[in-house]
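Working notes, structure below.
Every read-out reported here was derived from the displayed coordinates using simple, explicitly stated rules and does not represent laboratory data. All values reported here derive from a predicted model rather than from experimental measurement. So basically every Cβ, Gly included, is an ideal-geometry build from the backbone, and we count neighbours across all protein chains shown.
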Amino acid sequence: MHWSAPSFPSRSALPRRHWLASAALGLALAATACTGPALPRSVTLSLETLQDKLAQRFPRSYPVAGLVELNLQAPRLALRPERNRINAVVALQAQGAALRRTYDGTLDLDFALRYEPSDHTVRAYELQVHALQFDGLPAQAAQLLSGLAPQLAQQALREVVLHQFQPKDLALADSLGLQPGRMTVTERGLVVELVSKQP
């Protein structure tokens, strides 16, 4: 790259402190001109972005022992920076031959996130179920369904895609040998660091 050396005021024309500041600024500008703007080392995905992507995969239905069917609506997400996880509250309904009517309930869980290089996706994993509750459901049926909560969560959300990077999004990073890596949940959203590709 060709560039001209910056022109500085003569040392005699400026006090020493001002001359040094001017020289430092000129050198910084010259370096920027040669190297171009610095590549961002992270990407932030907003909660709205993650919520919208996840909503595309719901509603979902799951049969339980051929007697009950659970219908899950799109989870409502919340950021949990203190745990570096995302919370999900899922509204659902239970109905079927073993029940006389439809019961409304909620599934409360949280999960971590990871990057899948094969298809450039951000996926949920390490699910932890906090509670599965139904309003007015008979005790025996409620106990049965509560015992199935971890399995239900795995079926509904394990490895579910919350974001997919397009090739153009990663083109510059890829050319420099970088890819999405460590993920940190913050109050602003999910921060995805760009790290060196493993050999």
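So the values come out like this:
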quantity	calculated
Nitroxide proxy distance, nm - points 7 Å out along Cα→Cβ at A78 and R57	2.1 nm
Residue order, fewest to most surrounding Cβ atoms within 10 angstrom, among K197, K168, K53	K168, K197, K53
Relative contact order for segment 43-164, counting Cα pairs under 8 Å that sit 6 or more residues apart, in percent	20 percent
Alpha-carbon radius of gyration plus Dmax, which is the widest Cα pair, for segment 43-164 in Å	15.1, 49
Segments 89-99, 103-113, 74-84 sorted - mean Cβ within 10 Å per residue, highest first	103-113, 89-99, 74-84
Value of Rg to Rh for segment 149-199 (Rh from inverse mean 1/r over Cα pairs, i.e. Kirkwood)	1.10
